[in-house]
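The structure appears right after this line, and notes come after that.
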Amino acid sequence: MIEASFNAIVSGIPYTIALTLVSFMIGALLAVPITVIRMAPNAGARHLARLFVDVLRSVPPITWLFLIYFGLPDLGVTLGSFTSALIGLSLISGAYLSETYRAGILAIAPGQWDACKALGFRPFDTAFYIVTPQALRVAVPPAGTYGIGLLKDTAVASTIGVSEVAFNALQEAQRTGHAIQVLTLSGLTYLLLSLPLAYLSRNIDSRLRARFSLG
């Protein structure tokens, strides 16, 4: 029984990893323009970007997945369960990571912008070569923490039928009637999957800490 349940849970790991990595990467890219707009001189654009972020962060992930998977067919758009989960988690990741990027940029002393301007640096060069590396030093730890949280949040994809770890664990718990053993096994699986993410985050943070100082 345990072996069969273990194999079923393990078979969901690729879906869990794929959802986590791909939605995080898409979210990381999506967060860039959102952050730029959030810090734009135009107040209207800033407010719209803030509203976009606040709405995505305020609504539970499971609700977004339901809206995409069950709601879009009413508009003539039908997506698979995995695609729906990927879109929903990517949008949410973009919203959360944009706030992480923004916090990293705001942590940089304003005087650095003025100094670069006085030295004749172009705004793009200042942002890309001076500010961004230091902002990453601030942004990496919370981004890593969010990545671990995202790994656990992929469990909501089970509600729309994605055969990831949580979905397979629930199926096995119902099939065998041994919920405690099976769900404990799934919890240990999430723990083992999160350890490499935590290690990677700490490693990147220590490297950036060695190269850049905000003091």
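Some points to look at:
- Exposure proxy order (Cβ contacts within 10 Å, fewest to most) of 52, 128: 128, 52
- Between segment 36-66 and segment 85-157, the alpha-carbon centres lie 15 Å apart.
- Between residue 198 and residue 118, the C-beta separation translates, for a Förster distance of 41 Å, into a calculated FRET efficiency of about 0.50.
- Residue exposure sequence - 189, 154, 184 - by fewest surrounding Cβ within 10 Å: 184, 189, 154
- Here the gap between residue 29 and residue 50, fully extended at 0.36 nm per residue and compared with their Cα-Cα distance, gives a gain of 5.8 nm.
- Segment 72-143: mean projected area of Cα convex hull, nm²: 6.9
- Using θ = phi - 60° in the Karplus curve 6.51 cos²θ - 1.76 cosθ + 1.60, the 3J(HN,Hα) couplings for segment 148-160 round to 5, x, 5, 4, 6, 5, 4, 4, 5, 5, 5, 6, 10 Hz; x is entered for Gly and Pro.
- In the elastic network of the chain, a GNM with C-alpha springs shorter than 10 Å, the most mobile of 136, 75, 183 is 75.
- Kirkwood radius, the chain, all distinct C-alpha pairs, inverse of mean reciprocal distance: 19.2 Å.
- Largest-first ellipsoid semi-axes for segment 100-208, taking √(5λ) over the Cα gyration tensor eigenvalues, angstrom: 45, 13, 8
- Distances between every pair of Cα atoms in segment 137-191, grouped in 10 Å steps from 0 to the bin holding the largest one, split as 24, 43, 21, 10, 2 percent.
- Residue by residue, segment 6-18 carries 3J(HN,Hα) couplings of 4, 4, 5, 5, 4, 5, x, 4, x, 5, 5, 5, 4 Hz when phi is fed to the Karplus relation 6.51 cos²θ - 1.76 cosθ + 1.60 (θ = phi - 60°); x denotes Gly or Pro.
- Rounded to whole Hz, the Karplus (6.51, -1.76, 1.60) HN-Hα couplings of segment 56-70, x for glycine and proline: 5, 7, 7, 8, x, x, 4, 5, 4, 5, 5, 4, 6, 6, 9
- Helices in the chain, meaning DSSP H runs of at least 4 residues, each add -39500 (n - 2.57). Divided by all residues, the mean residue ellipticity at 222 nm is -25000 deg cm²/dmol.
- Within a Gaussian network of the chain (alpha carbon springs, distance under 10 Å), most fluctuating of 127, 143, 18: 127
- Taking 36, 140, 165 and counting other C-beta atoms within 10 Å, the order from fewest to most: 36, 140, 165
Coordinate-derived values only; no laboratory data. Predicted, not measured: the structure shown is a model, and the values here were computed from it. Reconstructed Cβ throughout: ideal geometry from the backbone, glycine too, with neighbour counts over all protein chains shown.
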